[in-house]
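Below you'll find the structure, written out as structure tokens, and then a few comments.
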Amino acid sequence: MNQLVLPLRLADHAVFESYFVSGNEALVGTLVELAEGGDGHGCWLWGGLATGKTHLLQAVCERAGDRSVYLPLGTLAEAGVGILEDLASRSPICIDDVDVVAGDAAWEAALFDLCNQVIDASGQLVVAANGSPRECGIELLDLASRLSRLPVFHVQGLDDEQRIGALQLRARHRGLELPGETARYLLKRSKRDMASLYRLLDKLDLEALRAQRRLTIPFVRDVLQF
């Protein structure tokens, strides 16, 4: 079977410069070094929903360029294990949502083969999941052993002040100014996970551009009808 074509686009915002680093400095430093061709076999990063795992994996690929590949198994698992064929020549290989296929014998065998090929090719593997290697549900012991050798990083979530800082950083990356009082207003009146907050910021960005308005509290209240 020939390798399937992967028509995946990286999100425009998913770069290291727009990731709010606080609490994850060691992880981000490791990923930047890997993306720029540094030594190391890769790493495993884990954390809860909306902690930025996908952002970081895509940032690695953006920094590494065409030699890398991003595989979101949460989206691609149904395509079958053929998507892993002939990938060992790419590096870093960034596999997102690996816990989605944990316990599936065919997927685990294919991932084990890929791990061996990556090692033989002196490549790098960056894996993301909702849990640590021991908590991920991988049943193939050889695969679990291979992956457990990767450095493991727990992606730290953000407190409220850090959420505000993350929103302001994303806004600046998009050419917007988000005053602190407006960011706090958003935080008090919306879901607090960063994915939801970023979606609101996307909407405000579009409406502010259309109206040629600044992100004041009255403008935000009118747009979002809080």
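The values are calculated or read from the model by the stated rules, or taken from the named source; none is laboratory data. The structure displayed is predicted, hence computed values, not measured ones. Positions of Cβ are backbone-derived with ideal geometry, glycine not excepted, and every protein chain shown enters the neighbour counts.
What to note about this one:
- In the range 36-86, the qualifying residues are those that are among the polar types (S, T, N, Q) and farther than 23 Å from A106 by Cβ, and the one that is nearest to the chain's Cα centre (by Cα) is T54.
Rundown of residues vs (1) of a type in the set (D, E); (2) surrounded by 13 or more Cβ atoms within 10 Å (Cβ to Cβ); (3) modelled with pLDDT of 95 or more, yes/no style:
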site: A121; (1), (2), (3): no, yes, no
site: V126; (1), (2), (3): no, yes, yes
site: S132; (1), (2), (3): no, yes, no
site: E135; (1), (2), (3): yes, no, no
site: E139; (1), (2), (3): yes, no, yes
site: A144; (1), (2), (3): no, yes, no
site: S148; (1), (2), (3): no, yes, no
site: H154; (1), (2), (3): no, yes, yes
site: L158; (1), (2), (3): no, yes, no
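- In summary, helices (runs of 4 or more DSSP H) completely within the range 135-226 and bearing 2 or more residues that are within 23 Å of L49 (Cβ to Cβ) occur at 160-173, 180-189, 194-211.
- Residue within the range 150-172 that is of a type outside the set (D, E, K, R) and over 20 Å from the mean Cα position of the chain (by Cα) present: no
- If only residues of the range 175-187 that are touching an Asp or Glu at 6+ places or on another chain (Cβ under 9 Å) and crowded, with 16+ Cβ neighbours inside 10 Å are counted, the one that is modelled with the highest pLDDT is R184.
- Pairs linking a residue in the range 210-226 that is closer than 11 Å to P179 by Cα to a residue that is surrounded by 13 or more Cβ atoms within 10 Å (Cβ to Cβ) and of a type in the set (F, W, Y), with Cβ atoms under 9 Å and 6 or more positions apart or on different chains, are I217/Y185.
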